[in-house]
Amino acid sequence: MYLSTSVTLPPPPERLLQTPITYLKGVGPFKASLLQKELQIFTYNDLLLYFPFRYLDRTRIDQIVSLHAERDFVQLVVVLTAKKIRGDGGKKRLIVYAQDATGTIELVWFKGIAWVEKSIQLGGTYLVYGRLTSFLGQYQITHPDIEAVADKAQQEVPHILLEPVYPSTEKLRNVGLTGRALGKLTAQLIEQLSGYELAEFLPNTLLEKQKFLTRDQSLKNIHFPKSKELLDQALRRVKFEEFFVAHIQLQRIKMLRHQDKAGGAVFKVVGDVFMDFYKHHLPFPLTQAQKRVLKEIKADTEQGYQMNRLLQGDVGSGKTIVAFLSILIALGNGYQACLMAPTEILARQHFQTISNYAQGLPIRIALLVGALKKIERKKILLQLSQHEIDIVIGTHALIEDEVIFKKLGFVVIDEQHRFGVEQRAKLWQKAKPAPHVLVMTATPIPRTLAMTVYGDLDQSILDQLPPGRKPIKTVVRYETHRGNVMGFVRSQIDLGRQAYIVYPLIEESEKLRYEDLEQGIVQVQSYLPSDRYNLSKLHGRMSDAEKDINMKRFINGTSQVMVATTVIEVGVNVPNATVMVIESAEKFGLSQLHQLRGRVGRGAELSYCILLTSFRLSKEAKARLEVIRSTTDGFQIAQKDLDMRGPGEFEGTKQSGALPFKVASLVLDQDINQLAQQAVADLMVADPVLAQPENQPLKNYLVKLSPNNTIQLGKIS
Ligand code: ADP
Ligand code: MG
């Protein structure tokens with residue numbers, strides 16, 4: 001319901017909202033300094049924007065007979081029947097017996113006993129509210145809110161419906177600023193603001209179209225809801241607002257980048273080397289999706305602005321060739337390129353693949369990883385700085401300051417989630433104008449989430465697998481069937497195939513009771529005796545050299561089995577491997593399971609993924625396993641993952657720091673998020689620079705929000 005207030009109230013003067021919090025009644029300098037330190041609440045306005053995280057339902061009156069331990073806060077209408085003092089000194093307490101028609105409960109006070117005794121009357125009827133505890137089988141409420149009930153009518157209509165509880169901290173609680181006490185402060189503030197109407201900044205048409213409450217109504221109701229319905233509406237509006245503002249900012253960052261026509265290298269032509277490769281050396285026809293993404297990249301890089309593109313593609317969708325072809329365009333325009341991988345194994349693998357592709361082409365490729373000898377490293381660095389190397393492939397080593405390029409124009413970052421935003425920025429700084437950046441991730445994330453977390457990036461999706469892929473058969477088996485499973489593994493190996501057996505990470509912590517990899521290896525060997533089968537192993541505690549040897553043996557087929565922890569999760573490509581056995585599969589998250597499974601099904605043979613689990617599985621674990629069993633579509637799995645687990649855990653979103661949401665949840669409010677995205681998209685079409693009078697309040701709000709930010713709204717016109 002869109003309410004236009006019948007009485008028009010004046011907006012509060014700016015200085016009222018900016019009043020230091022210390023002046024609020026009940027705060028004072030000491031509590032004010034704590035509020036600043038603990039909650040970053042400096043002003044009235046900060047407190048106004050500090051929202052409850054839950055509400056105590058005071059609309060219902062409980063009956064003593066139906067109380068149970070899970071009830072937390074309860075509200076009773078009782079008659080006080082008797083009282084007594086127990087203990088003495090510090091242990092002294094006042095116990096008041098209270099009863100309703102159904103039973104008796106104890107009300108207990110440790111402090112202010114004299115005052116309480118004086119203010120209550122035995123035989124009187126009271127409304128009692130507080131946290132229910134149980135002591136020696138007897139229900140109690142310690143330090144309840146208690147007030148005399150004057151008449152029958154009042155028993156039925158409590159004056160507070162939903163009492164706000166605010167997040168507090170240990171230090172604040174120590175000075176009495178509990179979650180509920182913060183509510184008392186907020187009540188004061190709202191009281192002071194009651195004669196004013198808080199300024200609106202969302203455009204009117206939007207408010208009307210979405211039937212949103214005004215900002216004034218929302219903020220007041222979010223603190224002190226007049227009804228559950230109004231609370232829901234207030235929350236909906238505030239969540240929308242959070243998404244809306246975030247999306248506008250992201251879209252504007254993108255827009256500014258696109259408008260900066262001197263921001264990036266200009267790739268005028270496709271170039272000879274690209275044409276040569278495309279016509280004569282392409283190992284397979286590209287999928288439609290690959291062609292589309294290449295076109296998107298081409299269109300970006302010929303304009304002059306700097307490309308920042310996220311390429312999402314499921315495992316095996318063929319991102320590498322897209323990266324390589326894009327790099328060839330850069331080379332054809334006289335630039336150097338680099339490809340950064342999260343691990344040395346992957347860097348080496350890319351180096352292999354790309355060197356193969358490049359055979360017969362006039363390009364110079366180098367591998368730069370930590371393990372290089374000093375002399376070699378120096379040589380590569382020198383060659384890079386003199387443009388004697390065209391493509392360098394490596395790990396984090398690439399971002400170090402001493403890596404200097406003569407003319408870097410294109411950067412590919414593989415498996416993005418392991419790199420932070422800062423690391424990306426360091427690469428930008430290696431050239432002027434900044435190189436184009438293609439970030440590739442095999443951990444698909446649902447579209448709404450991608451638009452929220454990476455909304456400032458342009459996005460491409462490889463939503464098609466190369467033809468001829470055999471589906472992977474996925475089954476779930478109890479660990480007690482390991483014998484059968486290993487028998488199957490053996491039969492596959494005897495057919496000439498290879499297998500992975502993956503264990504959860506070796507954990508320091510005992511309580512995680514993870515299968516230990518070393519113990520696992522002994523077990524595997526009992527099924528695959530070492531006189532007939534060779535085993536590679538891979539885990540985080542091995543030296544790089546050891547890892548390398550083991551990996552190489554598996555890649556060249558010397559070993560038939562790879563026993564590993566999740567180190568192999570990302571990107572490893574051994575097409576002859578057809579079995580993936582995952583031990584304690586219930587301990588893995590959805591995206592991890594999906595990544596692991598993606599290690600098989602890369603060749604012509606039918607592949608299998610066997611999830612071994614213990615007998616007792618939580619409901620969540622069962623649900624996860626069922627998702628993996630029933631689909632291989634990474635985007636579908638990602639959406640389920642988001643629905644089931646939450647974005648906090650979502651790889652890549654954690655370090656982004658770009659999600660300043662207070663009430664909105666990327667998991668629970670996906671519909672509102674979508675609404676906000678659409679609204680921003682519409683706005684960007686209708687009034688991209690917010691020039692229309694109706695959008696002035698929004699523009700002012702955004703400018704105030706980030707005055708020093710790149711989002712200088714005034715700048716564009
Ligand atoms: P990812 O997207 O997981 O990085 P890769 O680039 O490693 O995938 O490609 C997976 C496999 O698919 C590789 O063996 C690659 O050679 C092959 N491949 C990629 N594109 C095609 C295509 N268009 N047709 C056939 N095979 C392809
Ligand atoms: Mg890859």
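The values are calculated or read from the model by the stated rules, or taken from the named source; none is laboratory data. Just so you know, these numbers come straight off a predicted model, no measurement behind them. All Cβ positions, even for glycine, are placed from backbone atoms using ideal geometry, and neighbour counts span all protein chains on display.
What do you reckon, is Leu590 within 15 Å of ligand 2 (Cβ to nearest atom), of a type outside the set (Val, Ile, Thr) and either surrounded by fewer than 22 Cβ atoms within 10 Å (Cβ to Cβ) or within 24 Å of Tyr478 (Cβ to Cβ) (or both)? Talk me through it step by step, then tell me what you get.
On the way: within 15 Å of ligand 2 (Cβ to nearest atom): no; of a type outside the set (Val, Ile, Thr): yes; either surrounded by fewer than 22 Cβ atoms within 10 Å (Cβ to Cβ) or within 24 Å of Tyr478 (Cβ to Cβ) (or both): yes.
Taking the combined requirement at face value, the residue does not satisfy it.
Counting only residues that are touching a helix residue (DSSP H, G or I) at 6+ places or on another chain (Cβ under 6 Å) and either farther than 30 Å from Arg602 by Cα or at pLDDT below 95 (or both), the range 273-305 holds 1 of them. The set of residues in the range 146-172 that are modelled with pLDDT of 85 or more and either part of a loop (DSSP other than H, G, I, E, B) or farther than 28 Å from Val78 by Cβ (or both) comprises Tyr166, Pro167, Ser168, Thr169, Glu170, Lys171, Leu172. For the range 311-343, residues that are assigned to a loop (DSSP other than H, G, I, E, B), within 14 Å of ligand 1 (Cβ to nearest atom), in contact with a strand residue (DSSP E or B) (Cβ under 8 Å, 6 or more places away or on another chain) and not acidic (Asp, Glu) total 4.
Out of Ala664, Ala681, one residue alone is under 18 Å from Phe243 (Cβ atoms) and not in a loop (DSSP other than H, G, I, E, B). It is Ala681. Just to be sure I understand, how many residues within the range 56-92 are touching a Phe, Trp or Tyr at 6+ places or on another chain (Cβ under 8 Å), among the charged types (D, E, K, R) and crowded, with 16+ Cβ neighbours inside 10 Å? Residues in the range 56-92 being touching a Phe, Trp or Tyr at 6+ places or on another chain (Cβ under 8 Å), among the charged types (D, E, K, R) and crowded, with 16+ Cβ neighbours inside 10 Å: 2 in total.
Consider Thr443 carefully, then state whether it is surrounded by 21 or more Cβ atoms within 10 Å (Cβ to Cβ), part of a helix (DSSP H, G or I) and not assigned by TED's automatic domain parsing to the domain that holds Glu605.
Working: surrounded by 21 or more Cβ atoms within 10 Å (Cβ to Cβ): yes; part of a helix (DSSP H, G or I): no; not assigned by TED's automatic domain parsing to the domain that holds Glu605: yes.
Criteria not met by Thr443.
For the range 431-463, the set of residues classified as under 22 Å from Leu675 (Cα atoms), touching an Asp or Glu at 6+ places or on another chain (Cβ under 8 Å) and within 16 Å of ligand 1 (Cβ to nearest atom) consists of Pro444, Ser460, listed by residue number. Restricting attention to the range 448-471 and to residues that are among the charged types (D, E, K, R) and modelled with pLDDT of 80 or more, the residue that is farthest from ligand 2 (Cβ to nearest atom) turns out to be Asp456. Listed conditions (1) within 16 Å of ligand 2 (Cβ to nearest atom); (2) touching a His at 6+ places or on another chain (Cβ under 8 Å) are all met by Met307, apart from (1).
On inspection, Ala425 passes the criterion of being without any contact (Cβ under 8 Å) to a residue 24 or more places away in the chain, in a helix (DSSP H, G or I), away from ligand 1 (no atom under 16 Å from the Cβ) and of a type outside the set (Phe, Trp, Tyr).
Take the conditions in the same structural domain as Cys338 (by TED's automatic domain parsing), more than 37 Å from the chain's Cα centre (by Cα) and either modelled with pLDDT of 95 or more or surrounded by fewer than 19 Cβ atoms within 10 Å (Cβ to Cβ) (or both) and apply them to Glu376. Does it pass?
Details: in the same structural domain as Cys338 (by TED's automatic domain parsing): yes; more than 37 Å from the chain's Cα centre (by Cα): yes; either modelled with pLDDT of 95 or more or surrounded by fewer than 19 Cβ atoms within 10 Å (Cβ to Cβ) (or both): yes.
Yes, satisfied.
Can you pull out every residue in the range 110-127 that is out of contact with any Asp or Glu (no Cβ under 9 Å at 6 or more places or on another chain) and more than 21 Å from Lys91 (Cβ to Cβ)? First the steps, then the outcome.
Just the residues of the range 110-127 that are out of contact with any Asp or Glu (no Cβ under 9 Å at 6 or more places or on another chain), to begin with: 110-125.
Within the range 110-127, Lys118, Ser119, Ile120, Gln121, Leu122, Gly123, Gly124, Thr125 meet the criteria.
Cβ-Cβ contacts under 6 Å between residues 6 or more apart (or on different chains), taken from a first residue in the range 213-233 that is of a type in the set (Gly, Ala, Ser) to a second residue that is part of a helix (DSSP H, G or I), are listed as Ser218/Ala234; Ser218/Arg237; Ser218/Val238. Is it true that Gln140 is surrounded by 13 or more Cβ atoms within 10 Å (Cβ to Cβ), at negative phi and touching a strand residue (DSSP E or B) at 6+ places or on another chain (Cβ under 6 Å)? Spelling it out, Gln140 is indeed surrounded by 13 or more Cβ atoms within 10 Å (Cβ to Cβ), at negative phi and touching a strand residue (DSSP E or B) at 6+ places or on another chain (Cβ under 6 Å). Of the residues making up the range 457-478, those that are touching a helix residue (DSSP H, G or I) at 6+ places or on another chain (Cβ under 8 Å), in a loop (DSSP other than H, G, I, E, B) and surrounded by fewer than 19 Cβ atoms within 10 Å (Cβ to Cβ) are Asp463, Gln464.
Residues in the range 566-585 that are away from ligand 1 (no atom under 16 Å from the Cβ) and crowded, with 21+ Cβ neighbours inside 10 Å: Val579, Val581, Ile582, Glu583, Ala585.
Considering the range 593-610, the residues that are surrounded by fewer than 24 Cβ atoms within 10 Å (Cβ to Cβ) and more than 16 Å from ligand 1 (Cβ to nearest atom) include one that is farthest from Arg469 (Cα to Cα), namely Tyr608. Evaluated against (1) over 23 Å from Ala577 (Cβ atoms); (2) loosely packed, with under 15 Cβ neighbours inside 10 Å, Gly496 falls short on exactly one condition, (1). Of all residues in the range 284-308, those satisfying the criterion of being under 29 Å from the mean Cα position of the chain (by Cα) and either within 15 Å of ligand 1 (Cβ to nearest atom) or among the hydrophobic types (A, V, I, L, M, F, W, C) (or both) are Ala289, Gln290, Arg292, Val293, Leu294, Ile297, Met307.
Pick from Ile521, Ile501: which is at pLDDT 80 or above, of a type in the set (Val, Ile, Thr), under 11 Å from Val579 (Cα atoms) and not in a loop (DSSP other than H, G, I, E, B)?
Ile501
So which of Asp669, Asp633 ends up being farther than 26 Å from His223 by Cα and at pLDDT below 90? After applying the criteria, what remains is Asp633.
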